[in-house]
Structure formats: structure tokens, C-alpha cells
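The values are calculated or read from the model by the stated rules, or taken from the named source; none is laboratory data. Please read these numbers as outputs of a predicted model, since none were measured by experiment. A quick note on method: Cβ atoms are made from the backbone with ideal geometry, for glycine too, and the neighbour counts reach across all protein chains shown. Areas reflect the complete protein model, heavy atoms only, side chains present, ligands, DNA and RNA absent. Shrake-Rupley method; radii C 1.70, N 1.55, O 1.52, S 1.80 Å.
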Amino acid sequence: MAAAGSSVVRRVEELGDLAQAHIQQLSEAAGEDDHFLIRASAALEKLKLLCGEDKECSNPSNLLELYTQAILDMTYFEENKLVDEDFPEDSSQKVKELISFLSEPEILVKENNMHPKPCDLLGDELLECLSWRRGALLYMYCHSLTKRREWLTRKSSLLKKYLIDGISYLLQMLNYRCPVQLNEGVSFQDLGTAKLLSEGIFSDIHLLAMMYSGEMCYWGLKHCADQQPENQEVDSGVSGASYTTQKEPLDFREVGEKILKKKTKQPMKWKSSRKEDILTLFKNVTLHKDIQPGYLF
């Protein structure tokens with residue numbers, strides 16, 4: 001375990017140096033100071049100092065947390081730029097690069113067999129954030145692509161891959177924490193909050209992940225339904241207790257309806273009309289191909 005820890009420290013230091021160089025390039029290209037880049041750079045400087053100490057005594061968990069926080073800030077700056085520009089035609093490589101950055105912390109933990117579960121080293125919140133950011137990035141990218149009819153006629157199979165990856169990340173985000181088990185020993189003043197926690201929904205972001213997943217399933221059904229099914233490992237559960245990996249073709253309709261029906265049952269003050277609208281679209285999409293997706297939530 002000690003050897004694995006030293007290996008992680010060395011690798012995190014290498015990745016931190018690469019990220020710092022990347023941030024320098026971004027700052028120079030931007031021509032002005034950016035809050036997220038400044039914060040990312042500060043985290044990497046602290047990481048460098050800690051790695052300069054006795055590597056045998058360094059805490060891999062602390063170093064990984066600093067690196068992950070820096071990556072989250074750095075990629076957020078780049079994501080905002082892509083969104084502001086509505087994802088230019090040549091955005092695919094940049095999206096792939098950002099997904100790679102956001103995947104590195106998990107990959108590092110798994111490759112070094114530090115813990116049976118990544119959450120033991122990174123923590124549930126950071127893992128949720130990494131999965132959320134990858135899924136949300138692909139959601140925004142796919143939304144932009146669905147407005148490009150000529151591109152869709154040529155590359156709908158690529159859209160399908162982006163959708164499946166995005167849905168997988170969002171469902172993964174929803175499965176890191178187990179639902180709160182309600183019993184006589186658990187006291188809640190707000191029954192609505194208790195219901196949400198018992199369903200494994202711990203924040204507005206969890207609800208948003210469910211809605212994004214539902215809309216991406218709709219896009220898949222609308223634009224990719226005529227393609228041959230491919231075997232994909234996709235978790236169709238929406239809470240930690242129901243985590244199951246399915247080695248079968250992703251059924252956009254089935255997964256989308258399961259997620260959105262669960263969402264409409266939640267005792268929130270938000271309006272549910274749009275969720276009901278998309279559930280209706282799932283039933284009728286094969287008959288109404290001219291429906292425009294847009295932001296349904």
C-alpha cells in the first residue's frame with residue numbers, strides 16, 4: 001500500500017505540473033485574470049509544495065483532493081467559453097480533452113489499486129462533482145448538436161455515443177451515495193425533504209441530473225432510434241440502493257421514462273408540467289418526428 005501511495009504522489013505531481021502549464025496557456029490566451037484559473041493555479045502551487053516534502057509521508061488523499069479541485073476550476077473556465085460560443089464546429093476535440101481531464105482523478109485511483117472503491121480516497125462529493133460535470137458538459141454539447149440538422153444527417157451515430165456517455169455519467173453521479181433509510185430513529189421536520197433523501201436525492205443538482213438524463217434520452221429516441229442497438233454498460237438506477245449495471249442495449253425510452261417518472265413523484269415546489277410533457281413525447285415521438293427538443297426543463 002505504501003508503494004502504491006508513493007506512486008500516486010509522483011503521478012499527481014506530474015499531472016499537476018501539466019495542468020499548471022495548461023493554465024498558463026489559458027491565462028495568456030485570455031489576456032486577463034480569471035477567478036477560476038487563479039484559484040486552480042493556487043491549488044496546484046500548494047500541491048507542488050506538498051509533493052516537494054517527503055513523498056513517503058505525503059497523504060495521497062489530500063494531494064488528490066487539491067488536484068481534483070484545480071481540475072474542476074480549470075475545466076469550468078474552458079466549459080464556460082464553449083457554452084458562450086455555443087460549441088463551435090470544431091469543439092469535439094476540446095470536449096474530449098475536458099472529459100479526459102475530469103476523468104483523471106478516478107483513473108489514477110483505480111490504476112494504483114489504492115482502495116476498493118474510489119470514494120474511499122476521493123470522497124462521495126468530489127466523485128459526484130466529477131461525474132456531474134462530465135455529464136452536464138455532454139448534455140450542453142448534445143443540445144448544441146441537436147440544432148445542427150446537416151450534422152445530424154451525417155453523424156447521428158456520434159451523437160448517440162455522446163448521449164450514452166452523458167447519461168452514464170449523470171446516472172453514475174446519482175448512485176454514489178445510498179438513500180437515507182427512514183425509521184423511528186431518524187427525525188425530520190420537513191416530510192418533503194425526508195422523502196427526497198429516502199430516494200437518494202440530496203440536492204438540486206441531483207434533480208437537475210435526472211432532468212438532463214431524461215432529455216438526453218428523448219434526443220436519443222428522436223435522433224438515433226433507427227440505428228442498430230449497441231451493447232452498453234449503463235446504470236439505469238437513480239439511487240445508491242438500486243445500483244445495477246446492465247450489459248444490454250440502452251433503451252432510451254425505458255431509461256428516460258424511469259427517471260422522469262421518479263422525478264415527477266418528488267414533493268418539490270417546482271412545476272412538473274414540462275416533465276409530463278416529455279413523458280408524453282416518449283410515448284408519441286415515433287409519430288411526431290418534427291417536435292423540436294430545446295431546453296425542456
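Couple of notes before you dig in:
- Failed condition for Met140, given (1) assigned by the TED database to the domain that holds His206; (2) at pLDDT below 95: (2)
Residues checked against (1) farther than 17 Å from Ser100 by Cα; (2) open to solvent by 60 Å² or more (accessible area, probe 1.4 Å); (3) over 22 Å from the mean Cα position of the chain (by Cα); (4) not charged (D, E, K, R):
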site	(1), (2), (3), (4)
Glu28	yes, yes, yes, no
Glu32	yes, yes, yes, no
Phe36	yes, no, no, yes
Lys46	yes, yes, yes, no
Ala70	no, no, no, yes
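- Search result, residues across the stretch 9-26 that are under 16 Å from Lys46 (Cβ atoms) and over 25 Å from the mean Cα position of the chain (by Cα): Val9
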